[in-house]
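The values are calculated or read from the model by the stated rules, or taken from the named source; none is laboratory data. Given the structure is predicted, the values throughout are model-derived calculations rather than measurements. Every residue, glycine as well, gets a Cβ built from its backbone with ideal geometry; the counts of neighbours run over all protein chains shown.
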Amino acid sequence: MSQAVPSARLGGLYGLYFALVALIVAWLGPYFQALGYTASEIGILIGILTGSKIVAPYLWGMLGDRIPNRLRVVQAGMLGSALVSGWLLATPGFWQLVVILAVLGLFWNAIIAQFDTLTLEYLGGAHHRYSAIRMWGSVGFICAMLASGAWFRVFSLESLPWMLLVGLLLSSLLTLWLPPVVHAPASDVPLGRVMDRLKSPVVWLFLVVAALNQFAHGPLNVFFTLYVQEHGYSALQAGQLWALAVAVEVVLFWSLPRFLARIDLRQLLIWALIAGAFRWVMTAFWVEQPWVLMGLQMLHAFTFAAIHSVSIEFVRRWFPRQLAGRGMALYSGVVFGVGGSTGALASGFLWEHAGSTVSFVAMGVLSGVLAVVVLYSLKSARLGPAASLDATYG
């Protein structure tokens with residue numbers, strides 16, 4: 001591309017976005033518990049916020065593919081999120097929270113798929129640099145975890161809505177600093193070209209595997225902070241454990257682009273799922289051993305970062321060029337929407353009725369089954385080394 005890639009600004013926006021994700025993942029559950037809600041109700045509320053990923057990313061993805069400047073979609077999603085999040089300051093009741101979180105999700109969950117696509121458009125032929133830019137999201141996550149852990153050790157969780165609002169307003173301002181990147185609108189791309197991809201069983205099988213992996217993260221994403229605090233860890237230590245998990249994620253995002261074109265991504269996916277099976281089962285029984293728990297948190301580099309990187313490359317190969325926005329939105333909707341929301345709902349039910357141990361063990365068994373599925377059923381997923389591929393699917 002002739003236009004310089006605004007790497008620092010993109011990295012800054014990823015950092016802010018995932019700092020907000022850190023606050024939501026680590027502290028929204030404890031915040032709702034402090035308001036008096038049960039585990040099942042917490043699972044429902046977080047599931048509602050996550051569930052809008054099922055439709056919002058694809059709807060906004062179609063819009064992003066059809067307008068010349070995809071940045072406008074990212075800006076609208078960020079500003080809409082800021083405006084809706086302000087209603088959390090009023091401490092609404094349960095059903096009001098359901099409505100607020102549903103509307104918030106329609107904006108918030110539209111952002112990341114389009115921002116990922118926008119980043120790839122900025123990068124052009126240098127798409128292998130995606131992980132190095134996305135890495136700054138992990139840095140933002142770590143900083144937010146460490147700072148919030150120290151903050152909530154001293155101050156009340158009632159400040160959480162204010163922190164979310166300020167972060168969203170800052171993110172909205174930062175999007176105004178990004179230069180436009182013009183692409184050809186996709187209105188002339190027949191829907192059949194998208195449907196051609198969806199006719200392949202491999203595409204759906206891959207999406208189901210990725211979605212169930214996200215489902216398996218349900219107990220972690222909803223209850224981990226509460227879980228470790230119930231076993232004697234402080235708010236600061238909970239934040240440090242989250243930060244450690246994402247610190248190793250940074251290392252993987254930084255190093256993977258150097259090897260992405262040369263390694264067998266299917267093998268990486270298999271080993272990442274095996275790591276997930278080990279992580280969840282061990283977390284169920286070894287939570288009171290700090291050094292063991294630290295080691296298990298480091299496996300986040302595989303259970304999330306490696307699988308996400310493989311998924312982004314899968315989408316790039318199967319949904320190239322003008323199909324990219326809808327491909328990324330489909331991935332986000334199925335994986336983080338269906339997988340994330342059902343994982344939150346199921347973990348809330350399991351946590352309340354079967355306990356934390358059963359919740360984590362069940363997810364460990366699921367991850368092990370997924371590893372076997374990938375081993376025997378995704379041999380034609382075009383996940384081999386890029387050098388061995390004749391051309392990108394398309």
Given the condition aliphatic (A, V, I, L, M) and touching a Ser or Thr at 6+ places or on another chain (Cβ under 9 Å), answer yes or no: does some residue in segment 351-359 qualify?
no
Criterion violated by residue 101 - all others in (1) free of Cβ contacts under 8 Å to residues at least 60 places away in the same chain; (2) out of contact with any Leu (no Cβ under 6 Å at 6 or more places or on another chain) satisfied
(2)
Just the residues that are part of a helix (DSSP H, G or I), modelled with pLDDT under 85 and either at positive phi or not basic (Lys, Arg) (or both), please, taken from segment 155-196.
186, 187, 188, 191, 192, 194, 195, 196
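Yes/no matrix, rows are residues, columns are (1) in contact with a Phe, Trp or Tyr (Cβ under 9 Å, 6 or more places away or on another chain); (2) within 16 Å of residue 136 (Cα to Cα); (3) assigned to a loop (DSSP other than H, G, I, E, B):
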residue: 5; (1), (2), (3): yes, yes, yes
residue: 36; (1), (2), (3): no, no, yes
residue: 49; (1), (2), (3): yes, no, no
residue: 52; (1), (2), (3): yes, no, no
residue: 63; (1), (2), (3): no, no, no
List the helices (runs of 4 or more DSSP H) that sit entirely inside segment 197-267 and contain at least 1 residues that are of a type outside the set (Gly, Ala, Ser), in contact (Cβ under 8 Å) with a residue 12 or more places away in the chain and within 15 Å of residue 381 (Cβ to Cβ).
201-216
Checked 64, 36, 77, 51 against criteria (over 28 Å from residue 345 (Cβ atoms) and of a type outside the set (Val, Ile, Thr)); the one match is 64
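Could we say that residue 332 is touching a Pro at 6+ places or on another chain (Cβ under 6 Å), assigned to a helix (DSSP H, G or I) and either of a type in the set (S, T, N, Q) or surrounded by fewer than 21 Cβ atoms within 10 Å (Cβ to Cβ) (or both) here? So that I can check it myself, show each step before the final result.
Details: touching a Pro at 6+ places or on another chain (Cβ under 6 Å): yes; assigned to a helix (DSSP H, G or I): yes; either of a type in the set (S, T, N, Q) or surrounded by fewer than 21 Cβ atoms within 10 Å (Cβ to Cβ) (or both): yes.
Spelling it out, residue 332 is indeed touching a Pro at 6+ places or on another chain (Cβ under 6 Å), assigned to a helix (DSSP H, G or I) and either of a type in the set (S, T, N, Q) or surrounded by fewer than 21 Cβ atoms within 10 Å (Cβ to Cβ) (or both).
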Residue that is surrounded by the fewest Cβ atoms within 10 Å (Cβ to Cβ), among those in segment 105-132 that are touching a Ser or Thr at 6+ places or on another chain (Cβ under 6 Å) and at pLDDT 80 or above:
106
Looking at (1) within 18 Å of residue 112 (Cβ to Cβ); (2) touching a residue at least 40 places away in the same chain (Cβ under 8 Å), which one does residue 30 not meet, given that it meets all the others?
(1)
Verdict on residue 207 being at pLDDT 80 or above and either under 19 Å from the mean Cα position of the chain (by Cα) or buried (at least 18 other Cβ atoms within 10 Å of the Cβ) (or both)
yes
Of the residues in segment 44-90, those that are closer than 16 Å to residue 121 by Cα, surrounded by 19 or more Cβ atoms within 10 Å (Cβ to Cβ) and touching a Lys or Arg at 6+ places or on another chain (Cβ under 7 Å) come to 61, 64, 65
Members of segment 152-166 found to be among the aliphatic types (A, V, I, L, M), without any contact (Cβ under 8 Å) to a residue 40 or more places away in the chain and more than 18 Å from residue 17 (Cα to Cα), listed by number:
154
Under 7 Å by Cβ, and 6 or more places apart or on different chains, what pairs join a residue from segment 129-143 that is within 10 Å of residue 251 (Cα to Cα) with one that is among the acidic types (Asp, Glu)?
138/249
Might you check whether a residue that is among the polar types (S, T, N, Q), crowded, with 22+ Cβ neighbours inside 10 Å and outside any loop (DSSP other than H, G, I, E, B) occurs anywhere in segment 146-154?
yes
Considering only residues that are without any contact (Cβ under 8 Å) to a residue 24 or more places away in the chain, over 14 Å from residue 252 (Cα atoms) and within 17 Å of the chain's Cα centre (by Cα), which ones fall in segment 278-318?
315
How about segment 300-327: which of its residues are assigned to a loop (DSSP other than H, G, I, E, B) and surrounded by 21 or more Cβ atoms within 10 Å (Cβ to Cβ)?
319
